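S.K.: Input: one structure, supplied below.
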């Protein structure tokens, strides 16, 4: 087995979370699969896939997999899915597409919650199954598969590859150092991560990079998503230069922090296909886009929650990106949910 094959498995943080699992299935089936926490498969009915799109995967040959980065922040509870992505494997065109969903978007969380809330609270209330239900309900998606990883995995992965290069802005230093202090206080390790002393391009350890990603006080949530993406891209660059032995070590370091309902056969099947894809050119989009008109509200003691100018347009944007379907018309569920949001919170002026 050559490095090219392994590198194609180990790409990026979120791609790593998915494809490292797949990699374990292909290259060292029993050893790596035993390290991943596995859960039951989910049916279309269980995660509220709209009847009008249940055959999308078969018809378009596009597989959607939710990838959830969970921030438990030391509390040992479900945590919130602060990174909410959908990886789309376009089998016919040999492409990977990555859709990032803004965590503070105000949406409707279906049963058992049956209430409006932030998108990332779905994981807090009902872990991955409720997150998939919420994505499918609000965006007319067909997701039944997921990979979730604890954000602690990022720290361990980055330390395993001896840090990553990041360009840290001067105005990000104080808050990043505050998060380093917080993470040091939670760590069981006797060795604290040092504070950042200057801006500019520098090598960050796993904990320093985690603190940088968690910064939610400099800029808005889109800036936070951009910081997450910078860390992912830096990890891709570093991982691409790893030796075969180092990559296997990276698998060992990552997989204990991963939970998935992908079956062994799916891992092998998808992984074999992904090996032929161009992973250096992953198409990406954000939902909503950073220039999307919105307003902020408070609800149930949480703020901000972003009310969008048009939820139907968000759904159209998702389908245009994933399926190249520019004619898609949102379901009645989306239309009624949008109307209920505006009735409760008002429209965006």
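The values are calculated or read from the model by the stated rules, or taken from the named source; none is laboratory data. In this text, all values refer to a predicted model and were calculated from it rather than measured experimentally. Note that each Cβ is placed from the backbone with ideal geometry, even for glycine, and that neighbours are counted across all protein chains shown.
S.K.: Where the second residue is modelled with pLDDT of 80 or more and in a helix (DSSP H, G or I) and the first is within 22 Å of residue 39 (Cβ to Cβ) and lies in the stretch 257-278, which pairs have Cβ atoms under 6 Å and are six or more apart or on separate chains?
M.R.: Taking only residues 6 or more apart or on different chains, not a single pair turns up.
S.K.: For the stretch 213-248, what are the residues that are under 19 Å from residue 174 (Cβ atoms), touching a residue at least 40 places away in the same chain (Cβ under 8 Å) and over 17 Å from the mean Cα position of the chain (by Cα)?
M.R.: Once the filter is applied, which keeps residues that are under 19 Å from residue 174 (Cβ atoms), touching a residue at least 40 places away in the same chain (Cβ under 8 Å) and over 17 Å from the mean Cα position of the chain (by Cα), the stretch 213-248 yields 217, 218.
S.K.: Among 45, 75, 40, which is the only one that is at pLDDT below 85, out of contact with any strand residue (DSSP E or B) (no Cβ under 8 Å at 6 or more places or on another chain) and in the same structural domain as residue 112 (by TED's automatic domain parsing)?
M.R.: Among 45, 75, 40, only 75 is at pLDDT below 85, out of contact with any strand residue (DSSP E or B) (no Cβ under 8 Å at 6 or more places or on another chain) and in the same structural domain as residue 112 (by TED's automatic domain parsing).
This table checks each residue for (1) more than 22 Å from residue 81 (Cβ to Cβ); (2) surrounded by 15 or more Cβ atoms within 10 Å (Cβ to Cβ); (3) assigned by TED's automatic domain parsing to the domain that holds residue 104; (4) modelled with pLDDT of 80 or more.
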| position | (1), (2), (3), (4) |
| --- | --- |
| 247 | yes, yes, yes, no |
| 253 | no, yes, yes, no |
| 262 | no, yes, yes, yes |
| 267 | no, yes, yes, no |
| 271 | yes, yes, yes, no |
| 277 | yes, yes, yes, yes |
| 280 | yes, no, yes, no |
| 284 | no, no, yes, yes |
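Yes or no, residue by residue, for (1) surrounded by fewer than 17 Cβ atoms within 10 Å (Cβ to Cβ); (2) touching a residue at least 40 places away in the same chain (Cβ under 8 Å):
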| site | (1), (2) |
| --- | --- |
| 292 | no, no |
| 308 | no, yes |
| 311 | no, yes |
| 319 | no, yes |
| 322 | no, yes |
| 327 | yes, no |
| 337 | no, yes |
| 343 | yes, no |
| 349 | yes, yes |
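S.K.: Checking the structure you have, find out if any residue of the stretch 186-194 is farther than 17 Å from residue 82 by Cα, in contact (Cβ under 8 Å) with a residue 60 or more places away in the chain and assigned to a helix (DSSP H, G or I). Step through it out loud before you land on a result.
M.R.: If we filter the stretch 186-194 for residues that are farther than 17 Å from residue 82 by Cα, which is where we start, we get 186-194.
After this cut, where a residue has to be in contact (Cβ under 8 Å) with a residue 60 or more places away in the chain as well, the list is 186.
From the residues that got through so far, the ones that are assigned to a helix (DSSP H, G or I) too are 186.
For the stretch 186-194, residues farther than 17 Å from residue 82 by Cα, in contact (Cβ under 8 Å) with a residue 60 or more places away in the chain and assigned to a helix (DSSP H, G or I): present.
S.K.: For the stretch 182-212, which residues satisfy the criterion of being crowded, with 20+ Cβ neighbours inside 10 Å and within 25 Å of the chain's Cα centre (by Cα)?
M.R.: Within the stretch 182-212, 183, 204, 206, 207, 208, 209, 210, 211, 212 qualify.
S.K.: Can you find, within the stretch 94-113, the residue that is modelled with the lowest pLDDT among those that are touching a strand residue (DSSP E or B) at 6+ places or on another chain (Cβ under 8 Å) and under 24 Å from residue 46 (Cβ atoms)?
M.R.: This residue is 103.
S.K.: Next question, about the same structure. Please indicate, with yes or no, whether at least one residue in the stretch 169-182 is in contact with a strand residue (DSSP E or B) (Cβ under 8 Å, 6 or more places away or on another chain) and either under 28 Å from residue 304 (Cβ atoms) or outside any strand (DSSP E or B) (or both).
M.R.: Looking for residues that are in contact with a strand residue (DSSP E or B) (Cβ under 8 Å, 6 or more places away or on another chain) and either under 28 Å from residue 304 (Cβ atoms) or outside any strand (DSSP E or B) (or both), one finds at least one in the stretch 169-182, hence yes.
S.K.: Here's a follow-up. Tell me the residue from 231, 218 that is part of a helix (DSSP H, G or I) and in contact with a helix residue (DSSP H, G or I) (Cβ under 8 Å, 6 or more places away or on another chain), please.
M.R.: Criteria check complete, one pass: 231.
S.K.: Give the number of residues within the stretch 115-160 that are touching a helix residue (DSSP H, G or I) at 6+ places or on another chain (Cβ under 8 Å), over 16 Å from residue 66 (Cα atoms) and not in a strand (DSSP E or B).
M.R.: Qualifying residue count, the stretch 115-160: 9.
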